[in-house]
Ligand SMILES: [Zn+2]
């Protein structure tokens, strides 16, 4: 299993990080991607990734909920880090995106920051980790615009495939509709699936594998994630999340797709390796 999204730099893990990482490794977690959320997290992400090089893999970006008046200054710092990484090279730009859930004060600034960071990813030839909450339409529109700007649009939009067989990024913590999933796939992106899918009354399973005869969302466009410390799966809901608990997500996907759990692990790991070029 590969965890494509876990905030292991969160202070909740600082206490016994060695033991925590050992537990994940013993449970079959191959590696963990640690996204940044702002300019301050450059240092904390670097610090944990330096302790476990090749196992904890860093990304850097300005999360939409971190966008305020001073976002340009913060972006400058993050750009400098991406250009001159302190530890291992960053494997992605993220997390970036739009979030209108709690606050839309900085809607325009969020969109500007998102555009700028998508542009960096194109320049640096890195995949992106996208956070989108209550902002699907704007997120998809901006991604589309940027792809046009980057002249990448033809293959993805005309043929629905990714350049060089790789994807451009992931919509992390996906919990949207079948139609939204299709639009994301058409743009050449993957969906990050985490603990949400195990929640009771969660409609995501039916969106990925509709019961009404529509074709299932292809498994080769899904990657596993935790969004740890958040989003712990049932039966650990509410607790500090761990990458090894992705087995509960795997089991839910295995039941939905009617495939062995090992197939879910193999395919999603392969997808993650392709997407993040591991
Ligand atoms: Zn996150």
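FYI, it's all coordinate maths here, none of it is from the lab. The shown structure was predicted, so the numbers you read here are calculated from the model rather than taken from an experiment. Don't worry about glycine lacking a Cβ; one is built from the backbone with ideal geometry, like all the others, and counts go over all protein chains shown.
From the square roots a ≥ b ≥ c of the eigenvalues of the alpha-carbon gyration tensor of region 96-151, which class results: rounded (a/c under 1.5), prolate (a/b over b/c), or oblate? Spell out each step's value before the answer.
Details: a/c = 2.04, a/b = 1.90, b/c = 1.08.
It comes out prolate by the Cα gyration axes.
Rank by packing, highest mean first: peptides 234-241, 63-70, 41-48, with packing defined as the count of other Cβ atoms within 10 Å averaged across residues. Don't skip to the end; give the middle numbers.
Details: 234-241: 13.6, 63-70: 18.2, 41-48: 20.4.
Those peptides, ordered most packed to least, come out 41-48, 63-70, 234-241.
Could you rank the peptides 206-214, 125-133 by their average count of other C-beta atoms within 10 Å per residue, with the highest value first?
Values: 206-214: 13.1, 125-133: 23.2.
Highest to lowest by the protection proxy: 125-133, 206-214.
Work out Dmax and Rg for region 2-276 from the C-alpha atoms and quote the Rg first, both in angstrom.
17.6, 50
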